[in-house]
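**Student:** Here it is, the structure in full.
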Amino acid sequence: MSDAHTRRVQAQFGGSAAAYVASGGHAGGDDLERLLAWGRACRPGRALDVATGGGHTALALAAIAREVVAFDLTEPMLRVARDFIRSRGAANVAFAAGDVDALPFRDGAFDAVTCRIAAHHFANVGTAVRQVHRVLRPGGSFLLQDILGHDDPDANAFITNVEKRRDPSHVRSYRAAEWKAFLRAAGLTVIDDAVVRKERVWDEWTGRARMTVEARRELEAFVRQAPERCRAAFDFKLTDDAIASFTDRMLLLRADRD
Ligand SMILES: C[S@@+](CC[C@H](N)C(=O)[O-])C[C@H]1O[C@@H](n2cnc3c(N)ncnc32)[C@H](O)[C@@H]1O
């Protein structure tokens, strides 16, 4: 990953780390339950949570796996995740900093790897997936969740623009067929999938990104001026003077190493 993109991610998340621990959308929901159900079926001994953020997925994994490594590019994020996970009494979680492009683990080290609501920040998803494949043991499971790219190019361009205005470290979201191609090319076979809707409450979503008043005003004007069918694709809820929420579809995939 380029140094510039690394700095963008670290600047974006370093200042918002506590807000990710507090975020209700990250703390749980149908999406995390789906991922955990797959995780329980894998019965992992060692599990890796890539891009752990505030640590909610790693904490949930700690109840399923013997050992968990929570991994993230942003050190302040890892620090708040460590405090949060320890405050919940989980003693089987270790913490490691680094880039998914070069995972600092030996080949076949993990029975399961999770990556939840993060891959849209990765500069090179193909490289990331090859790294996940490398650190999984044969037969091990990759449990992925990310924002689903929209099939309509206009709706997809609209939401990518909204995301990038809110968070410059957003790269893009992929459609299911694109994800399946990345996984297949790396030697991972998709054995289950699901799509779960997740509502984003606008004030919380924009607040967590620490937007300036001016940037938020411009973003809201951009949303209001967009074609109605683009807003409708994400179920934007607007009143005369505010944006209340929109809804993302989250893609979940379980892919096992051949
Ligand atoms: C929204 S948070 C993840 C949420 C978390 N997985 C959960 O379930 O609550 C996104 C995280 O991805 C991390 N990240 C982004 N790019 C990364 C990369 N190339 N390697 C590792 N972590 C990365 C960021 O530092 C940030 O902490």
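**Student:** Read phi for every residue in region 219-229 and hand back ³J(HN,Hα) as whole Hz from Karplus 6.51 cos²θ - 1.76 cosθ + 1.60, θ = phi - 60°, with x for Gly and Pro.
**Tutor:** Calculated HN-Hα couplings, in order: 4, 5, 5, 4, 5, 5, 7, 5, x, 3, 5 Hz.
**Student:** Further question: At what distance in angstrom do the alpha carbon centres of region 126-184 and region 239-258 lie from each other?
**Tutor:** About 12 Å separates the Cα centre of region 126-184 from the one of region 239-258.
**Student:** Out of every Cα pair in region 1-119, what percent are spaced more than 16 Å from each other?
**Tutor:** Working: 4029 of 7021 pairs.
When all Cα pairs of region 1-119 are counted, 57 percent exceed 16 Å.
**Student:** If you plug each phi of region 168-185 into the Karplus form 6.51 cos²θ - 1.76 cosθ + 1.60 with θ = phi - 60°, what whole-Hz ³J(HN,Hα) values come out, in order, with x for Gly and Pro?
**Tutor:** x, 8, 5, 9, 5, 9, 10, 6, 4, 5, 5, 4, 5, 5, 4, 5, 4, 4
**Student:** Tell me the net charge near His5. Cut-off is 14 Å between Cβ atoms, His5 excluded, with +1 for each Lys or Arg and -1 for each Asp or Glu.
**Tutor:** Values: positive: Arg7, Arg8, Lys164, Arg172; negative: Asp3, Asp99, Asp101, Asp167.
After counting each charged neighbour, the total is 0.
**Student:** A further question on this structure: Express the Stokes-Einstein translational diffusion coefficient of the chain in µm² s⁻¹, to the nearest whole number, given a Kirkwood radius over alpha-carbon pairs, 4 °C and a viscosity of 1.567 mPa s.
**Tutor:** The calculation lands on 70 µm²/s.
**Student:** Can you give the relative contact order of the chain as a percent, counting alpha carbon pairs under 8 Å and 6+ residues apart?
**Tutor:** Values: 483 pairs, mean separation 51.8, N = 258.
Taking the mean separation of contacting Cα pairs over the length of the chain, I get 20 percent.
**Student:** Continuing with the same structure: If you plug each phi of region 86-94 into the Karplus form 6.51 cos²θ - 1.76 cosθ + 1.60 with θ = phi - 60°, what whole-Hz ³J(HN,Hα) values come out, in order, with x for Gly and Pro?
**Tutor:** 5, 5, 8, x, 7, 9, 9, 10, 9
**Student:** Quick check on the exposure proxy: order Thr57, Thr206, Thr247 from fewest to most C-beta atoms within 10 angstrom.
**Tutor:** Details: Thr57 30, Thr206 19, Thr247 14.
So the ranking, lowest neighbour count to highest, is Thr247, Thr206, Thr57.
**Student:** Val113's amide H: which non-local residues (gap 5+, or another chain) put their own amide H closer than 5 Å, with H modeled 1.01 Å from N in plane and none for Pro or chain starts?
**Tutor:** Leu48, Ser141, Phe142, Leu143
**Student:** How charged is the neighbourhood of Gly14? Take every other residue with its Cβ under 14 Å from the Cβ of Gly14, and add Lys/Arg as +1 and Asp/Glu as -1.
**Tutor:** Numbers: positive: Arg7, Arg8, Arg79, Arg208, Arg210; negative: Asp72, Glu75, Asp167.
Summing Lys and Arg as +1 and Asp and Glu as -1 gives +2.
**Student:** Among DSSP beta bridges lying fully in the chain, give the percent that are antiparallel, nearest 5.
**Tutor:** Numbers: 22 of 43 bridges.
In the chain, DSSP labels about 50 percent of beta bridges as antiparallel.
Each value in this text was obtained by applying a stated rule to the coordinates, not by laboratory testing. Please read these numbers as outputs of a predicted model, since none were measured by experiment. Note that we place each Cβ from the backbone using ideal geometry, even for glycine, and neighbour counts take in every protein chain shown.
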